[in-house]
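One structure below.
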Amino acid sequence: MTASERKARTTAADELCRSAYAACEGPEVGVALVAVGGYGRGELAPFSDLDVVLVHDIGVDPGGVAEQLWYPLWDSGARLDHSVRSLPEMVAAAAGDVKVALGLLDVRHLAGDPHLSLRLRTTVLADWRREARSRLPEVRSLVAKRHAVVGELAHVSVPDIKEAEGGLRDATVLKALGSTWLVDVSSPELERSRQALLDFRDLLHAETHRPTDRVVPELWDRLAVGLELPDALAAQRRVRELGRRMTHLSRLTWRRVGAVLARPTSVRSARTPALEPIGSGLALSRGEVVLDTRARPDRDPVLLLRAAAAAATRDAVLAPATASRLARECAPLPDPWPIEARHAMVELLASGPGLQGVWETLEETGALTLLLPEWEPVRLLPHASIVHRFTVDRHLIETCIEASVLIRRVARPDVLLVSALLHDIGKGGFTDHSVAGEPVARTVAQRMGFDDRAVELIALLVRRHLLLAQLATSRDPEDPATVDSLLALVPDAEALQLLLALTEADARATASKAWSSWRAGLVTRLAERALERAGGPAVAELHEWADVPAEVGRGQTWIGVDTSPGGARITVVAPDRVGLLADVAATLALVRVGVRSARVWAQDHPSGPVGVSVWEVDEVDPDPVVLRERLAVVSADRGSATRRLVGPGGSRLEPLVAVRAEESWRSTVLEVRMDDRPGGLHLVCAALAAHKISVRSAHLSRVGPQSVDVFYLQEHAAGRLSDERAAEAAHAVRAALT
């Protein structure tokens, strides 16, 4: 089926309508027969309806024409959807219902008065453009509701090529958006994909001999023959690829529509894009991450990953032109990746809902192949089980999105997120996908630069990601033998905690009912029994040592800054005191330094205890002298700094603050997981300082939009906190954050 065949069907239908109009002696003035919808666009499929309207001017009675016109059309066997309306009625219907307006944008003259048809078309189009700003939110709402009900053409198990997201209905909406003149949607890819989907719909009608738009699994083999493809899998991938491309164009266009509607209507503001620098050669322009003038892709192999992470964490668009350019021009990443690249990948995976659109852009522009060539075998691969609501690749991304909510439960969020991305990477072959995926995951983790322990954890999680659910649902979770079976394959507490989180994320990404309260209860009970047996701390206390500069021995503060492409390391060494960490955190927040991670500890020195903190930060070039002066100001008036850093509304997610009393015999361990926000760390440390509690060491890390911080606390010049003091500390921190 081709465009020429659709044109021939349309021409035949036009002749039929004109003959019927002539046969009933339809007038040449004041009355017109017009085609609307798909027929108006000339896109008739073999079993499409003929959508026609008999339009008349006010004061003109179509009389017998309206009664006689339809009979010869019915007699011909055509499927007919018809109505009779005056011109004002048509215009009013379009003004009152956006669905009607969308259909009338494609109105086409068939017979009768051509001037009346032209007046109808120009009036409806002019009204559409004039009222676009007020009507497009309603269109967006209708589109979103349709997508929620029908799903996405590229990924649902039984796709609807018309109504699904990325289907023909979205292509029609995109054309309507372009006709508003608010955004430019002219794209060769849009028209190519639309025509290819129309060809496929024609083939689907011809194979089923009825006007269907849904493709049930048993049809793919027959459709593959019509598409001249080797098998059903190839046919699915061809059609789903079209849907994914259409979805990508649609989402990008709607984001641009949102940016247009959000800004003032003046000509100057509409034509002058504002660039907001976001560091590292990147800028934000109208909700899209683009390159700024300082960007040097040929010298910066991490720029592509940084751009993707920046877009996803801001829930912004990674501009396709930017991604394409970076895919072409970025210097290749070394093997293994530098630490900054791994951090950027983890930040991307932890970004939550913002990940999906950015990942699609990476796929559509070919950039993903440079970062993760192992992705190709699972791209648009259907799941063998109909339980899965998505294709394998989309399921992996949905698992990452689900895991991003759970990272506060585990000691290694980075391991959880990469395992979520790779847990089904072995699918598509004849070997058990868990077995096939383990070496692939190991290779990817090593290339990303993970340490040996993390590589082994990722490989283990991919190999055993089904184990916990299988044991919990097929055997008695209370039976010690079941726990023995689990511990024989997943032997330590850290791996068990990660496996529990991955199991939940995997199930939630599979289907809405896959993580039922029954299944969740069984899985959680078994994991808890195993954790009781495994025991052991998840995070070890730091025992690092730093050289102490001479001025620190004289009671002064020393600050050093080491810069590198894409980041910097700030080291602060000072005489230890309660509140030192709070003051350093406030200083960095006030000078707008983005902290990726930090290590904090106290060490002995002949002059007295010394506090050391080493901060890995985003690209910045701070002056150590300025930092030292700012720190002195903050230390003199910490309360003022706290007031400046308290933002409205507190955390987006409720912070998790937990005392881990069993994880250290020297200190009381306090774990804090919260939204990553400027000043958040200072609020925690200031609350502890206000209660005269000393931070002896700490692990501080940012994982995407959240931070995971572990503090080892002691009474000043004493040891562990009492149970009452530990509860007091946790309550104070929770109150400060909320």
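The values are calculated or read from the model by the stated rules, or taken from the named source; none is laboratory data. Predicted model, so just to flag it, every value in this text is computed and none were measured. A quick note on method: Cβ atoms are made from the backbone with ideal geometry, for glycine too, and the neighbour counts reach across all protein chains shown. In case anyone asks, the SASA skips ligands and DNA or RNA and just uses the protein heavy atoms, side chains included. Shrake-Rupley method; radii C 1.70, N 1.55, O 1.52, S 1.80 Å.
Note that the stretch 446-463 has calculated 3J(HN,Hα) couplings of 5, 5, 6, x, 5, 6, 4, 4, 5, 4, 5, 5, 4, 4, 4, 5, 5, 5 Hz, one per residue in order, obtained from phi through the Karplus relation 6.51 cos²θ - 1.76 cosθ + 1.60 (θ = phi - 60°); glycine and proline are x. Checking every one of the trypsin sites (Lys or Arg not before Pro) in the stretch 65-124 against DSSP loop status and a limit of 15 other Cβ atoms within 10 Å picks out Arg79. The residues of the stretch 667-738 present an accessible area of 34 Å² per residue when probed at 1.4 Å with all protein chains retained. Peptides 317-326, 131-140 ranked from most to least packed, by the mean per-residue count of other Cβ atoms within 10 Å: 317-326, 131-140.
Using the Karplus relation 6.51 cos²θ - 1.76 cosθ + 1.60 with θ = phi - 60°, the per-residue 3J(HN,Hα) values for the stretch 143-160 come to 4, 5, 5, 5, 4, 5, 7, 8, x, 10, 3, 5, 10, 6, 5, 10, x, 10 Hz, with x marking Gly and Pro. Can you bin the chain into rounded, prolate or oblate? Criterion: square roots of the alpha carbon gyration tensor eigenvalues sorted a ≥ b ≥ c, rounded for a/c under 1.5, prolate for a/b above b/c, oblate for the rest. Judged from the Cα gyration tensor, the chain comes out prolate (a/c at least 1.5, a/b above b/c). Return the whole-Å distance between the Cα centroid of the stretch 666-682 and the Cα centroid of the stretch 79-144. Cα centres, the stretch 666-682 to the stretch 79-144: 57 Å. Under Stokes-Einstein, with the Kirkwood radius over Cα pairs as Rh, the value for the stretch 1-58 at 4 °C and 1.567 mPa s is 106 µm²/s. The phi-based Karplus calculation (6.51 cos²θ - 1.76 cosθ + 1.60; θ = phi - 60°) puts the 3J(HN,Hα) values of the stretch 581-593 at 5, 4, 6, 5, 4, 5, 4, 5, 5, 6, 8, 6, 8 Hz, whole numbers, x for Gly and Pro. Rolled with a 1.4 Å probe across the full set of protein chains, the surface gives Arg214 an accessible area near 120 Å². Residues in the stretch 450-528 average 40 Å² of solvent-accessible surface per residue, probe 1.4 Å, ligands and nucleic acids excluded. Across the options Val646, Val346, Ile161, the greatest Cα extent toward the positive end of the charge dipole of the chain (unit charges at beta carbon of Lys, Arg, Asp, Glu) belongs to Val646. Once you sort the root eigenvalues of the Cα gyration tensor of the stretch 37-121 as a ≥ b ≥ c, which label holds: rounded (a/c under 1.5), prolate (a/b larger than b/c) or oblate (the other case)? In terms of gyration-tensor shape, oblate. Were the residues from Trp545 through Arg299 laid out at 0.36 nm apart, the gain over their Cα-Cα distance would be 85.1 nm. Principal-axis analysis of the Cα atoms of the chain puts helix 413-422 at an angle of about 40° to the longest axis. The longest part of the chain holding none of the exposed loop chymotrypsin sites (Phe, Trp or Tyr not before Pro), meaning those outside H, G, I, E and B in DSSP with at most 15 other Cβ atoms within 10 Å, is 182-429.
What a 1.4 Å probe finds exposed on the chain is 53% carbon and sulfur by accessible area, rounded to a whole percent.
Does the stretch 414-544 come out rounded, prolate or oblate by the C-alpha gyration tensor, with a ≥ b ≥ c the root eigenvalues, rounded set by a/c under 1.5 and, if not, prolate when a/b is larger than b/c and oblate if not? Oblate is the answer for the stretch 414-544, as a/c is 1.5 or above yet b/c matches or exceeds a/b.
Placing unit charges on each Cβ (+1 for Lys and Arg, -1 for Asp and Glu) gives the chain a dipole about its Cα centre, and among Leu737, Ala546, Ala493 the Cα reaching farthest toward its positive end belongs to Leu737. Ranked by the mean number of other Cβ atoms within 10 Å of their residues, highest first, the peptides 5-15, 243-253 come out as 243-253, 5-15. Normalised per residue, the accessible area of the stretch 1-116 is 45 Å², obtained with a 1.4 Å probe and no contribution from ligands, DNA or RNA.
Counting only alpha carbon atoms, the long axis of helix 680-690 and the longest principal axis of the chain meet at about 30°. Across the stretch 1-70, the mean sequence separation of Cα contacts (distance under 8 Å, 6 or more residues apart), normalised by length, yields a relative contact order of 38 percent. Here's the picture: charge each Lys and Arg Cβ at +1 and each Asp and Glu Cβ at -1 in the stretch 405-461, and of Gln446, Ile458, Ala411 the one pushed furthest to the positive end of that dipole is Ala411. Here the peptides 492-498, 92-98, 54-60 are ranked by packing, the mean other Cβ count within 10 Å, and the order with the highest first is 492-498, 54-60, 92-98.
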